[in-house]
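> Take this structure first; my questions come after.
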Amino acid sequence: GATAGSSVLHVPDTTFHATVVGVDRPGVTARMFGALEQTTVLDVEQVVVAGQLVLGAVVLAPEGSEGGLAASMRTAVPDFEVSIRQVHAADVSGMLSNCTVTIVGRQITGADIGALAATMAEGGANIVRIDRVADYPVTVLALEVLAPDAAALRRDLVARCHDLDVDVSVQPRGLARR
């Protein structure tokens, strides 16, 4: 709060998730973060799939500033879909993965990913990130996963793969993995 003799009232910071989605081109990231220049950046993810950019950032900004931030982002990238929402700090810090699930196949289908994702969800695991790491001669997907029990996840996924035309592995995350 304000101190005696001070006319400045401190507004507490709030954690926001800001996202822009649209056709990728040079300069979008620069313009978005220009619009967020008064924030503190806690996390960033950016991916381009088939020319479509999804750029998200978790930022700290003064409480109640989401309207101004959204307006600045819309001005910076007017042809992009823009969203900003308040998130709890615990939601941000709690999403670190503890294992990597690797899916390998000559052709990975939507049914394969859906079946494996359902198996993970049934065991309480949450997929945090998916990246394609190879595409020829086989496709390889790396899924960063937060799992309550990595050994049970491995067992369940291996059992599920018996009906699928893909192979799967589960590795614990850590410095040795990098």
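The values are calculated or read from the model by the stated rules, or taken from the named source; none is laboratory data. None of these values were measured; they are calculated from a predicted model. Here Cβ is always computed from backbone atoms with ideal geometry, including for glycine, and neighbour counts include all displayed protein chains. Keep in mind that these areas ignore ligands, DNA and RNA; they rest on the heavy atoms of the full protein, side chains included. Shrake-Rupley method; radii C 1.70, N 1.55, O 1.52, S 1.80 Å.
> Going by what's in this entry, would Leu60 be described as buried (at least 18 other Cβ atoms within 10 Å of the Cβ), over 30 Å from Arg132 (Cβ atoms), hydrophobic (A, V, I, L, M, F, W, C) and in contact with a strand residue (DSSP E or B) (Cβ under 6 Å, 6 or more places away or on another chain)? Write out each step before concluding.
Values: buried (at least 18 other Cβ atoms within 10 Å of the Cβ): no; over 30 Å from Arg132 (Cβ atoms): yes; hydrophobic (A, V, I, L, M, F, W, C): yes; in contact with a strand residue (DSSP E or B) (Cβ under 6 Å, 6 or more places away or on another chain): yes.
Criteria not met by Leu60.
> Cβ-Cβ under 6 Å, sequence separation 6+ or interchain: first residue in segment 107-135 and closer than 15 Å to Val170 by Cα and at pLDDT 95 or above, partner assigned to a helix (DSSP H, G or I) and open to solvent by 40 Å² or more (accessible area, probe 1.4 Å). Which pairs?
Thr119/Asp156; Thr119/Arg160
> Within segment 29-50, which residues are open to solvent by less than 70 Å² (accessible area, probe 1.4 Å) and over 18 Å from the mean Cα position of the chain (by Cα)?
Of everything in segment 29-50, those that are open to solvent by less than 70 Å² (accessible area, probe 1.4 Å) and over 18 Å from the mean Cα position of the chain (by Cα) turn out to be Gly34, Ala35, Leu36, Thr39.
> Here is a further query. So, Ala121, is that one more than 22 Å from the chain's Cα centre (by Cα), among the small types (Gly, Ala, Ser) and farther than 24 Å from Leu36 by Cα or not?
No; evaluated as a whole, the condition is false for this residue.
> Which of (1) touching a helix residue (DSSP H, G or I) at 6+ places or on another chain (Cβ under 8 Å); (2) over 16 Å from Arg85 (Cβ atoms); (3) open to solvent by 70 Å² or more (accessible area, probe 1.4 Å) is the odd one out, the single condition Arg25 does not satisfy?
Failed condition: (1).
> In segment 124-178, how many are in contact with a Cys (Cβ under 8 Å, 6 or more places away or on another chain), under 14 Å from Val104 (Cβ atoms) and crowded, with 16+ Cβ neighbours inside 10 Å?
Matching residues across segment 124-178 total 2.
> Can you pull out every residue in segment 71-85 that is farther than 15 Å from Thr29 by Cα and over 19 Å from the mean Cα position of the chain (by Cα)?
Ala71
> A further question follows. Are any residues in segment 73-101 at pLDDT 90 or above and open to solvent by less than 50 Å² (accessible area, probe 1.4 Å), and if so, which ones?
Within segment 73-101, the first condition is being at pLDDT 90 or above, and the residues that meet it are 73-86, 99-101.
Within segment 73-101, Met73, Ala76, Val77, Phe80, Val82, Ile84, Cys99, Thr100, Val101 qualify.
> Give me the residue from segment 105-123 that is in contact with a Ser or Thr (Cβ under 8 Å, 6 or more places away or on another chain) and open to solvent by less than 50 Å² (accessible area, probe 1.4 Å) and, out of that set, nearest to Gln46 (Cα to Cα). Give the steps one after another, and end with the answer.
Step one: of segment 105-123, the residues in contact with a Ser or Thr (Cβ under 8 Å, 6 or more places away or on another chain) are 105-108.
The next check asks that each one be open to solvent by less than 50 Å² (accessible area, probe 1.4 Å); those that pass are 105, 108.
Working: Gly105: 26, Ile108: 23 Å.
Filtering first and then ranking leaves Ile108.
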